[in-house]
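What follows is calculated from the coordinates using simple rules that are stated; it is not laboratory data. For clarity, every value in this text was computed on a predicted model and none was experimentally measured. Reconstructed Cβ throughout: ideal geometry from the backbone, glycine too, with neighbour counts over all protein chains shown.
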Amino acid sequence: MEENLVLIEHPAEGVARIVLNRPDKRNAQTKDMIYQLNDAFDVCAQDDAVKVIILAANGPHFSAGHDLSDYSVPMDAFTPVSTAGGFTLPGAEGYMAVETEIYLGMCWRWRNIPKPTIAEVQGKVIAGGLMLVWPCDLVVASSDATFSDPVVVFGVNGHEFFTHVWELGARRAKELLYTGFPITADEGKLIGMVNKVVPREDLQRETLELAIHISRRPSMGLKLAKQSVNQSLDAQGQWQAIQAAFGLHQLGHSHNREVHGSYIDPSGAEIIRTENKPK
Ligand code: ZN
């Protein structure tokens, strides 16, 4: 267990700022970090003095995704927050239980926090990094931010919280998934995935100003507005679609274990390393 992988700041009255704090690893997420983040969200959700929550990250990059070296770390050290169990059971059953708890379950909890959440994003956001940004309500990005989910190259459908179609539209979602190429902050703004793009040096200040502005509204109005939008997504079938994609994601992992002896197709790393990236 590492201390302070996630920090909580109070930069203004009514505003909490949760900060990912593993910059030397580009904020790659370990289970330890995910549970610390969940604890921080819970603290802010239950603190009545907090009206708006910012999710930010120390270092040049918001998050490089899940730390693949952490995959085999057992769940014993953590107290589950969902009703998923059976983490040590053999085969797909155990693996699915772990991903249900630490990925799908966590993202869904955070998506439903009854307070406005704002992602403050710089640098690279890769795969599991999107699973921290997309559950937030608003996204403020610095102009250097890029967003990608290249994991199709590893033989799965995409990261585990499959809201791609709602975030990007169906055609752009397919392009992102098929090619692995990143979306820039400006394009993210153009297609509605990003609310605001600002220079890197203004990112923290501009995000805080937006949070302070929102925090002046009554918490009741804010939570009713959030729930109304989220229920509109629910009425469109978003949660059902996320769960269906999660099942296919587990099928991908199972296929890879059967064929390659690993939960991801090991040829993916070489493909990513050698192919040409667009300017
Ligand atoms: Zn997975």
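Which loop-located trypsin sites (Lys or Arg not before Pro) does the range 181-254 contain, where loop means any DSSP state but H, G, I, E or B and the Cβ has at most 14 other Cβ atoms within 10 Å? Write out the running numbers ahead of the final one.
Numbers: sites: LYS189, LYS196, ARG200, ARG205, ARG216, LYS223, LYS226; in loops: ARG216.
Of the trypsin sites (Lys or Arg not before Pro), the ones in loops of the range 181-254 whose Cβ has at most 14 other Cβ atoms within 10 Å are ARG216.
As a proxy for reagent exposure, ranking PHE147, PHE181 by other Cβ atoms within 10 Å from fewest up yields PHE181, PHE147. Spin-label model, VAL259 to SER143: label points 7 Å out along the Cα-to-beta-carbon direction sit 4.3 nm apart.
How big is the gap, in Å, between the Cα center of the range 238-279 and the Cα center of the range 192-233? That distance is 32 Å.
By other beta-carbon atoms within 10 Å, ranking SER228, SER143 with the fewest at the front produces SER228, SER143. Considering only GLU120, GLU258, GLU160, the mean-square fluctuation computed in a Gaussian network model of the chain, springs between alpha carbons under 10 angstrom, is largest for GLU258. Taking 0.36 nm per residue of separation and subtracting the Cα-Cα distance, full extension of the segment from ASN4 to GLU270 would add 92.4 nm.
Note down the Stokes-Einstein diffusion coefficient of the chain in µm²/s, whole number, using a Kirkwood radius over alpha carbon pairs, 25 °C, and 0.890 mPa s. Walk me through the numbers before you get to the answer.
Numbers: Rh = 19.2 Å.
Here the translational diffusion coefficient equals 128 µm²/s.
Each Lys and Arg adds +1 at its Cβ and each Asp and Glu adds -1 at its Cβ; summed about the Cα centre, the chain shows a dipole of about 800 debye.
At 37 °C and 0.692 mPa s, grab the translational diffusion coefficient of the range 201-279 from Stokes-Einstein with a Kirkwood Rh over Cα pairs, rounded to a whole number in µm² per second. Write out the running numbers ahead of the final one.
Values: Rh = 17.4 Å.
For the chosen part, D equals 188 µm²/s.
Whole-Hz Karplus values for the range 12-20 come out as 7, 4, x, 10, 10, 10, 8, 10, 5 Hz, taken residue by residue from phi with 6.51 cos²θ - 1.76 cosθ + 1.60 and θ = phi - 60°; glycine and proline positions read x.
In the range 45-105, the C-alpha radius of gyration followed by the widest Cα-Cα span (Dmax) gives 15.4, 45 angstrom.
Using C-alpha pairs below 8 Å separated by at least 6 residues, the relative contact order for the chain is 17 percent. Peptide packing for 56-65, 90-99 was compared via the average number of neighbouring C-beta atoms within 10 Å per residue; ordered from the highest value, the list is 56-65, 90-99.
Reported value for the range 21-146: 104 Å³ per residue, from the convex hull of its C-alpha atoms.
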